[in-house]
Amino acid sequence: MTHPFDAGYTGSFRALCEDYPGTETYPAEAFRTEWGPVFHRGRLDGSARMLVIGQDPAQHETIARRILVGEAGHRVQGFLSKLGIDRSYVMINTFLYSVYGQGGGTKHQNDAGIIAYRNRWLDALMAGSNIELAISLGGLADKAWTTWKATASGAAANPAHAKITHPTQPESSSKGNPAKRATAIRDMLQNWNVALQALKPSLSHPDSSRALTLYGDHFQAGDLVDIPEADLPAGSPPWMLGAANWATRTGSTAAAKRAAITVTVPKAFRP
C-alpha cells in the first residue's frame, strides 16, 4: 500500500523554518514555547487555491507537527470539502506557539516580531500563487489577515476572503453546558453557510466539482472530514487522521498540564 505524506520544507519555506522566533518574541508566560513552533498544514508547492488562517496549535498539533488536525481541523476540512477543495489548500496560524492562559493571544496580537514573521510566511505563500479564496478562523486570525493586507504585498493580493466563527468557539463559549453548546454550534454553522455562499462563486479551480450543500443546525454525517494522510509527516499513524480524541493535556496543576500531553491510541486501532 502506498502512503502519501508531507515531505517537508524546501526553498523559502525551509529558510523560514530555519529562522523562526523564540522566547525573545513569544514570551513563555503567554505561550507554550517549550513545545516548539508548529508551522503549517497543506500545499507549499504553489498548487493551493485556498488559504486558511487559524489561531494557535493545541495538543494534537503539537504531537503531529502540523496545524489544525484536532477537532477544529476536522470541522475546517469539512468546510473546505463543501467548496470542492480536497487537497489544494494551505493553512498557517496567527501564532507559532500554543497560547497559554486567558487572553495571551489578544495581549500579543500587535507584537511587532510576531507580525513580522507571520507576514514573511504570508508573503511567501502568496508570491506567484494561485490562491483564489482565504478564510480567517475567528477574530485573532482576522486581525492577522487585515494586518498583512495593509502591507504592500498584501494590498496586491486579492483573493475572496471571509472571516468565519472559530471552529471550536461553541465549546469554549458554552463552558460545558450542552444546551448552550448546541445553540452556539447552530449559530456558527449559520455563519459558515453565509461564508460558503459568498466564497463559492470566486472559486474557479476546485479539486472536485460538487453542488454546494449547506449546513443544518448541527453537524451531520459527512460534515466532519478526516485529515488527508498527505498532510502529515511520513509514518504518521492512521489514527492521527480521524476525529477520535487521541491527545489530552494531563496533570493535577496548571504547571503539570503545561508540561504533559498524554497520547492514547483510539480503541478502533488497538490490536
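Before moving on, here are some points about what is shown:
- Index of the failed condition, H161 passing every other in (1) in a strand (DSSP E or B); (2) more than 21 Å from M126 (Cβ to Cβ); (3) not aliphatic (A, V, I, L, M): (2)
- Residue selected from region 227-271 under the condition β-branched (V, I, T) and in contact with a strand residue (DSSP E or B) (Cβ under 9 Å, 6 or more places away or on another chain), by the criterion farthest from H74 (Cα to Cα): T250
- Residue list for region 113-142, restricted to those being within 18 Å of Y9 (Cβ to Cβ) and of a type in the set (S, T, Y): Y117, S129
- Meets criteria (touching a strand residue (DSSP E or B) at 6+ places or on another chain (Cβ under 9 Å), open to solvent by less than 50 Å² (accessible area, probe 1.4 Å) and not in a loop (DSSP other than H, G, I, E, B)) for I185: no
- Filtered by the rule that a residue be small (G, A, S) and not in a loop (DSSP other than H, G, I, E, B), region 197-252 gives A198, S202, A230, A247.
- Note on region 222-271: residues that are open to solvent by 70 Å² or more (accessible area, probe 1.4 Å) and under 12 Å from Q59 (Cα atoms) total 3.
- Only residues that are within 16 Å of L133 (Cβ to Cβ), without any contact (Cβ under 8 Å) to a residue 60 or more places away in the chain, open to solvent by 10 Å² or more (accessible area, probe 1.4 Å) and not charged (D, E, K, R) were counted in region 153-182, giving 5.
- The condition of being open to solvent by 10 Å² or more (accessible area, probe 1.4 Å), over 10 Å from the mean Cα position of the chain (by Cα) and closer than 22 Å to A160 by Cβ holds for only one of G78, G8, G46, that being G46.
The values are calculated or read from the model by the stated rules, or taken from the named source; none is laboratory data. These numbers were taken from a predicted model, which means no experiment stands behind them. Here Cβ is always computed from backbone atoms with ideal geometry, including for glycine, and neighbour counts include all displayed protein chains. Each accessible area value is taken on the protein alone, full model and side chains, heavy atoms only, with ligands, DNA and RNA left out. Shrake-Rupley method; radii C 1.70, N 1.55, O 1.52, S 1.80 Å.
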